[in-house]
Amino acid sequence: MTSIALFGAGGKMGQRLSRNLKDSRFSVRHVEVSDAGRARLAQDFGIQCVSAEQALAGAEVAILAVPDTHIGKVAQSIQHLLKPGTMVVVLDAAAPFAGHLPERPDLTYFVTHPCHPPIFNDETDPDAKLDRFGGVAAKQHIVSALMQGPEEHYVLGEEVARTIWAPVMRSHRVSVEQMALLEPGLSETVVASLLDVMREAMDEVVARGVPAEAARDFLLGHMNILGAVIFKEQPGVFSDACNKAIQFGKPMLMRDDWKRVFEPEEIAASIKRIT
């Protein structure tokens, strides 16, 4: 069995991974520094944690399920325990992109992140319909990057990724730089910001007299059908009135140079703020 050392095993993300790895083909040693996290693992899964030294003794893979701001510190603190050829798995591109991993050319660095269950899906099971984060019951896609290491290590890294994010549909291979364009660039800087604006817009029409429930129902319903057409989930075109509203609305809502958020220096600045 391939042995994995899971750091941050009792945290929010670590618990998700602990659950999915529990009945896998991998032999997992769990590391958690907080008393509360260790207690949760023992209570929920019957898992007993070990020291970093015990976890990494003979481990082939080390997963760092810790916040972006802690990746560098944790990686530096354990690098003397990592034997050449060990695969270090990181769950977000931010810290690797920012250069927070140790300069160890003898290690493999593998980065993976979930796409989360798509809005347009075929889930019918109640648990799956409510699993909006993914990794429990709802199917999702994932992205992964082999940042450094031998090409043959990608197969093992992807197997680990498919296990921790299961159930997985498509698994996309990208570079770390491309993953940074996806997050924080696409998903957070653009999508989360625009969704926050949508929520503010809904609150504004409520403040102007529209009943709150009616405004919410109207917005979410239109997000569904408009999104289905824009992303070609179903055939159709917008009405002339809608196209005119877009034509005049975008200049009021968006700067002409908004796509500069994807320029390398802007992505780097965003990641620096995150990490």
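The values are calculated or read from the model by the stated rules, or taken from the named source; none is laboratory data. Since we're looking at a predicted model, the values are computed, not measured. Positions of Cβ are backbone-derived with ideal geometry, glycine not excepted, and every protein chain shown enters the neighbour counts. To get the accessible areas, we keep the full protein, side chains included, count just its heavy atoms, and leave off ligands, DNA and RNA. Shrake-Rupley method; radii C 1.70, N 1.55, O 1.52, S 1.80 Å.
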If you wrap region 174-275's Cα atoms in a convex hull and average its projection over all directions, what's the area in nm²?
8.8 nm²
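Given a 1.4 Å probe and every protein chain left where it sits, what share in percent of the accessible area of region 1-99 is carbon and sulfur?
Reported share for carbon and sulfur atoms: 53 percent.
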Among LEU226, LEU91, LEU253, what's the order by accessible area (1.4 angstrom probe), most exposed first?
LEU253, LEU226, LEU91
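With every protein chain kept in the model, how would you rank GLU265, GLU32 by accessible area, 1.4 Å probe, largest at the top?
Working: GLU265 115, GLU32 25 Å².
The ranking, largest first, comes out as GLU265, GLU32.
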Compute the signed sum of charges (Lys and Arg +1, Asp and Glu -1) over the other residues within less than 11 Å, Cβ to Cβ, of ALA93.
-4
Can you show me the helix-derived [θ] at 222 nm for the chain, built from DSSP H runs with n ≥ 4 at -39,500 (n - 2.57) apiece and divided by the number of residues, rounded to the nearest 500.
-13000 deg cm²/dmol
Provide the per residue accessible area, probe 1.4 Å, for region 45-113, rounded to a whole number of square angstrom.
40 Å²
For the chain, calculate the relative contact order in percent as a whole number, restricting contacts to Cα pairs under 8 Å that are 6 or more residues apart.
15 percent
Using the alpha-carbon centroid of each, what span in Å lies between region 198-229 and region 12-45?
40 Å
Rounded to the nearest 10 Å², what accessible area does PHE120 have for a 1.4 Å probe in the complete protein model?
70 Å²
Whole-angstrom Cα spans of the chain along principal axes, big to small
65, 42, 35
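Under 1.5 on a/c is rounded, so check that first for region 25-120, then, if it is not, pick prolate when a/b is larger than b/c and oblate when it is not; a ≥ b ≥ c are the square roots of the alpha carbon gyration tensor eigenvalues.
oblate
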Helical segments meeting 18 Å axial Cα length and Kyte-Doolittle 0.5 threshold in the chain (DSSP H)
193-207, 212-230
By accessible area of protein heavy atoms, probe 1.4 Å, what ranking do LEU82, LEU220 get, highest first?
LEU220, LEU82
Counting only heavy atoms of the protein chains, get the accessible area per residue of region 1-43 (1.4 Å probe) and round it to a whole Å² value.
48 Å²
